[in-house]
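Trainee: Got a structure here, written out as structure tokens. Questions coming.
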Amino acid sequence: MSRTSHRIAAGLVGALAAALLAAPAAATPPGIPSTATARSELNGLTVAAQGSTSGYSRALFPHWITISGSCDTRETVLERDGTSVVTSTSCSATSGRWYSPYDGATWSAASDVDIDHVVPLAEAWRSGANSWTTSRRQAFANDLTRPQLIAVTDNVNQSKGDQDPSTWQPSVASYRCTYAKMWIAVKFAWALTVQSSEETALQAMLNTCTS
């Protein structure tokens, strides 16, 4: 290889490395199961008619709670899911970059990012959480050990609202497999029910998985 070719190759490698370093990390909540495990867990869920939202209030799912020092659940997820996140002494994210896998957008202001409850609180209420203690609902709303919390574009989270996968799925089609696996893992871990249309949608989403 000529000296010029070496320089071009080195330049390309350097540019690629810089691009990779600059790219925001995709949000990766913990505990996302394999496709096989997700299928097994989906089969293990109880299928039941959706319950009522009667009596529901977000206040019955206390969040965000203090996780460590002055850091609450929201700030903890912002730091986990972001790239080059800088926080203040009060743990507020003052800068960083966040990639929202639901819609493929990248944000540089924490105010543009919401922390989505993958299984919405109202959906959990309709699926069995209405009978839980407030302490258990608090644990669910701040669950950092399962794929229940993820940083996404704020208005996308708001448009999702309390819908299940039969009526709402990420606009990035390639992420629907992961979304289904996260949803199933949360419902399975917390022994929540699924309605028939939800189960059908989840099965279809799992069918898009390539691994």
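Rule-based calculations on the coordinates, nothing more; no lab input. All of these numbers come straight from a predicted model, not from anything done at the bench. So basically every Cβ, Gly included, is an ideal-geometry build from the backbone, and we count neighbours across all protein chains shown.
Trainee: In nm, give the distance between the simple-model label positions of residue 86 and residue 172, each being 7 Å from the Cα along the Cα-to-Cβ direction.
Mentor: Here the answer is 2.5 nm between the modelled labels.
Trainee: Something else about it: Apply the Karplus parameterisation 6.51 cos²θ - 1.76 cosθ + 1.60, with θ equal to phi minus 60°, to every residue of region 124-139 and state each ³J(HN,Hα) to the nearest whole Hz, in sequence, with x for glycine and proline.
Mentor: 4, 4, 6, 9, x, 6, 4, 9, 7, 6, 4, 4, 5, 5, 5, 4
Trainee: Once R0 is set to 30 Å, what does the formula 1/(1 + (r/R0)^6) return for the Cβ-Cβ distance between residue 36 and residue 94, expressed as a FRET efficiency to the nearest 0.05?
Mentor: So the FRET efficiency works out to roughly 0.10.
Trainee: Under 5 Å between amide H atoms, partner at least 5 residues away or on a different chain: which partners does residue 96 have, H built in plane at 1.01 Å?
Mentor: 86
Trainee: Next up: Return the label of the correct value of Cα extents along the principal axes in Å, as calculated from the structure shown, out of (1) 61, 34, 29; (2) 50, 43, 32; (3) 71, 44, 26.
Mentor: Step by step, Cα extents along the principal axes in Å for this structure corresponds to label (3).
Trainee: Between 155, 130, 142, find the one with the highest GNM mean-square fluctuation for the chain; connect C-alpha pairs within less than 10 Å.
Mentor: Looking only at 155, 130, 142, the largest GNM fluctuation is found for 155.
Trainee: Follow-up. Quick one: length gained pulling residue 111 to residue 136 fully straight, 0.36 nm per residue minus the C-alpha distance?
Mentor: Taking 0.36 nm per residue and subtracting the Cα distance, the gain is 6.2 nm.
Trainee: If you don't mind, another one. Net charge near residue 79, counting Lys/Arg +1 and Asp/Glu -1 over other residues with Cβ under 14 Å of its Cβ?
Mentor: Numbers: positive: 74, 80, 97; negative: 72, 75, 81.
Value of the local net charge: 0.
Trainee: Work out from phi, with θ = phi - 60° and the Karplus expression 6.51 cos²θ - 1.76 cosθ + 1.60, the ³J(HN,Hα) of each residue of region 43-56, listed in order in whole Hz, and give x for Gly and Pro.
Mentor: 5, x, 7, 7, 8, 8, 4, 5, x, 8, 8, 4, x, 6
Trainee: Turning to a different aspect of this structure: GNM on the chain, C-alpha springs below 10 Å: top fluctuator among 44, 128, 69?
Mentor: Highest fluctuation of the listed residues: 69.
Trainee: If the chain between residue 59 and residue 155 were fully stretched, how many nm would it gain, using 0.36 nm times the residue separation less the Cα-Cα distance?
Mentor: Length difference between fully extended and current span is 32.4 nm.
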